[in-house]
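Let me begin by presenting the structure, written as structure tokens, before commenting on it.
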């Protein structure tokens, strides 16, 4: 029991020498002076479930379940499911329900090192509450909440574990049961429902974790208020100065993951409950300790350190090794972009994960590989061969872009981005068996798509016409720089992959690549598309040819393109565009200019109270993981000089901005190297 209480104290943030060492400010995101009208929640997630914080005490705004989609909401297309909110709690003190107006000293702190969100507050002069919530890293469908209530005067508390159904779920059924054994009683609060069209069954279950000996545990009462909410509660009398601790463990799943969601949710909750808090915490902490073996440490710039570690924390939270799930632009922080997968994954978020966590990056590739049949059908439907990956991909890998957005039929560079990411994985890992079974089969079909996509012009060159490029503000254009450049690149990668396996590459791949033009203005500046006339651009396009592609590699040409396009980036463009400018200026020997753009890639987009990233400056969406990926690349591949090449990850000679005393990149690459730059 003493060990259990110690673990409870540590997880809830009680000050000890060990806690002081492991929750340094560099590891904390703190929300205080919280304004509910201007609040953007922080997410605790484990790659499968995302729990989004709320400004209300003991509440969670949203619970998102990865891999579960149904048609509802935006655009008449599939949307990632908002599922049962099984992490909500109520608290009555002396018969009165606490609420936002009754509390003081409200503070929320995310410990990124342990992936745990702790909320503290005082209720009048009666109790102080500390609640810590985490999505358990080792149990993908389960979460743990730990509560510590300290009485300031004699009082009676009544905590409640609540399951609420969002409006999108239907045919909700609520259950309560007790499994009584001589040594333990498991009390299961369970809800089951159908997804909006009935495609999936969704189920969630919770159970209290008490610390008292079995027969001294408080009596639990079930209350079924309505179909959309029910709860389990208990009462406890506390004397002044007394602290009472308990936990709630819960699980959520769906028929997208298991055939019998109802029983599985209850089994998972029973398993977690009988593991008990001590084992749950130990394994959760151990998994995050492994993740943080790959880290970025900046000395001399606390704000940059906080932002960079927040970016890493979110990418680690939203992805999961050993799965076939990918990353949405908003990760698991809400329903942004319907939870669909775009080029944001392969070009922006994936490179940082590939450098730091190759096996986690592998899961993102497996997502694409397992959906090749749908991409093949998409190419066929559009009159092409090979595979044509969708601009917005859902759980099935079908095109899920709303029909009013032309990006779905025309933003073809996504297929090149997927092929590019597959070769990059091989460059880093040199996993030849993976190349044989996954990498080359994908690259071959990607290359075949581009061979079928080009059109021969009167000039004898092969053009890619009628597309939308990375700069989405110009639609249905010809010979877009990034689209053409990516096509040329992946055609070459397909040839290399074949040769690496001792196979004969299709000779048309190199022949076609050689004839795809990259257009230029008369003064030599790379032209964004055939009709581009200097108008403002939404985000990086031409500059991507220099990084992450290397088609433009002459320093004079890189600088010329930077000088022309940097002033044309729209102030309201997405965050990741600025990170490309940062990386390129740093690589061109101007780290101060690189730092200026690096700061612009995150600072104007931070929203209160945790500094989560919005997509644009002044934006209001949840955490923009795409922007985090770009910002991290500016650090890893810009200031850190890491470059993905056929020789693996090599380090280019770069300089740090004057403000930074040192930059340490820990545990990168297949062999977990560490470097420090001063």
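The values are calculated or read from the model by the stated rules, or taken from the named source; none is laboratory data. What you see is a predicted model; the values in this text were computed from it and never measured. Every residue, glycine as well, gets a Cβ built from its backbone with ideal geometry; the counts of neighbours run over all protein chains shown.
Is it the case, given these coordinates, that residue 483 is outside any loop (DSSP other than H, G, I, E, B), touching a strand residue (DSSP E or B) at 6+ places or on another chain (Cβ under 7 Å) and modelled with pLDDT of 95 or more? Answer is yes for this residue. Suppose the filter is buried (at least 23 other Cβ atoms within 10 Å of the Cβ), touching a strand residue (DSSP E or B) at 6+ places or on another chain (Cβ under 9 Å), free of Cβ contacts under 8 Å to residues at least 60 places away in the same chain and assigned to a loop (DSSP other than H, G, I, E, B); does residue 329 pass it? Criteria not met by residue 329.
The set of residues in the stretch 491-524 being within 29 Å of residue 579 (Cα to Cα), within 36 Å of the chain's Cα centre (by Cα) and assigned to a loop (DSSP other than H, G, I, E, B) consists of 516, 517, 518, 519. For the stretch 226-241, the set of residues classified as more than 35 Å from the chain's Cα centre (by Cα), farther than 26 Å from residue 183 by Cβ and either modelled with pLDDT under 95 or outside any strand (DSSP E or B) (or both) consists of 239, 240, 241, listed by residue number. Scanning the stretch 125-148 for residues being farther than 23 Å from residue 209 by Cα and either in contact with a strand residue (DSSP E or B) (Cβ under 8 Å, 6 or more places away or on another chain) or assigned to a strand (DSSP E or B) (or both) gives a total of 1. Only one entry in 289, 264 is assigned to a helix (DSSP H, G or I), touching a residue at least 24 places away in the same chain (Cβ under 8 Å) and under 29 Å from the mean Cα position of the chain (by Cα), namely 264. Has the stretch 567-575 got any residue that is crowded, with 18+ Cβ neighbours inside 10 Å, in contact with a helix residue (DSSP H, G or I) (Cβ under 9 Å, 6 or more places away or on another chain) and closer than 21 Å to residue 302 by Cα? Scanning the stretch 567-575, I find at least one residue that is crowded, with 18+ Cβ neighbours inside 10 Å, in contact with a helix residue (DSSP H, G or I) (Cβ under 9 Å, 6 or more places away or on another chain) and closer than 21 Å to residue 302 by Cα, so the answer is yes. Could you run through the stretch 201-224 and say how many residues are closer than 21 Å to residue 274 by Cβ, in contact with a helix residue (DSSP H, G or I) (Cβ under 9 Å, 6 or more places away or on another chain) and at pLDDT 95 or above? Selection size over the stretch 201-224: 8. In the stretch 332-364, the residue that is surrounded by the most Cβ atoms within 10 Å (Cβ to Cβ) out of those that are part of a loop (DSSP other than H, G, I, E, B) and modelled with pLDDT of 95 or more is 332.
Of all the residues in the stretch 502-517, those that are in contact (Cβ under 8 Å) with a residue 24 or more places away in the chain and in contact with a helix residue (DSSP H, G or I) (Cβ under 6 Å, 6 or more places away or on another chain) number 5. For residue 395, the stated conditions hold: it is within 17 Å of residue 322 (Cα to Cα) and either modelled with pLDDT of 95 or more or buried (at least 22 other Cβ atoms within 10 Å of the Cβ) (or both).
Looking across 291, 280, one residue alone is crowded, with 20+ Cβ neighbours inside 10 Å, under 30 Å from residue 24 (Cβ atoms) and touching a helix residue (DSSP H, G or I) at 6+ places or on another chain (Cβ under 6 Å). It is 291. Taking the conditions (1) in contact (Cβ under 8 Å) with a residue 12 or more places away in the chain; (2) not in a helix (DSSP H, G or I) in turn, residue 458 satisfies each one other than (1).
Considering only the stretch 526-536, I want to know if a residue exists there that is in contact with a strand residue (DSSP E or B) (Cβ under 9 Å, 6 or more places away or on another chain) and part of a helix (DSSP H, G or I). No - not one qualifying residue is present in the stretch 526-536. The residues listed here are 297, 308, 252; of these, the one that is closer than 30 Å to residue 634 by Cβ, assigned to a strand (DSSP E or B) and in contact with a strand residue (DSSP E or B) (Cβ under 7 Å, 6 or more places away or on another chain) is 297. Of all the residues in the stretch 613-643, those that are in contact with a helix residue (DSSP H, G or I) (Cβ under 8 Å, 6 or more places away or on another chain) and under 21 Å from residue 301 (Cβ atoms) number 17. Could you grab me the full set of residues in the stretch 18-37 that are at pLDDT below 95 and assigned to a helix (DSSP H, G or I)? 18, 19, 20, 21, 22, 25, 26, 36, 37, listed by residue number.
Just one of the listed residues (454, 403, 467) is under 25 Å from residue 497 (Cα atoms) and either at pLDDT 95 or above or in contact with a helix residue (DSSP H, G or I) (Cβ under 9 Å, 6 or more places away or on another chain) (or both), and it is 454.
Within the stretch 155-167, which residues are surrounded by fewer than 20 Cβ atoms within 10 Å (Cβ to Cβ), part of a loop (DSSP other than H, G, I, E, B) and touching a strand residue (DSSP E or B) at 6+ places or on another chain (Cβ under 6 Å)? Across the stretch 155-167, the qualifying residue is only 166.
For the stretch 91-105, the set of residues classified as under 33 Å from the mean Cα position of the chain (by Cα), assigned to a strand (DSSP E or B) and closer than 19 Å to residue 60 by Cβ consists of 91, 103, listed by residue number. Number of residues in the stretch 168-220 that are assigned to a loop (DSSP other than H, G, I, E, B), within 21 Å of residue 89 (Cβ to Cβ) and in contact (Cβ under 8 Å) with a residue 12 or more places away in the chain: the value is 7. Comparison of 379, 447 shows that the only residue that is in contact with a helix residue (DSSP H, G or I) (Cβ under 8 Å, 6 or more places away or on another chain), modelled with pLDDT of 95 or more, in a helix (DSSP H, G or I) and farther than 28 Å from residue 352 by Cβ is 379. You will find that of 198, 241, 247, the residue that is surrounded by fewer than 19 Cβ atoms within 10 Å (Cβ to Cβ) and either under 30 Å from residue 396 (Cβ atoms) or in contact with a helix residue (DSSP H, G or I) (Cβ under 9 Å, 6 or more places away or on another chain) (or both) is 198 and no other.
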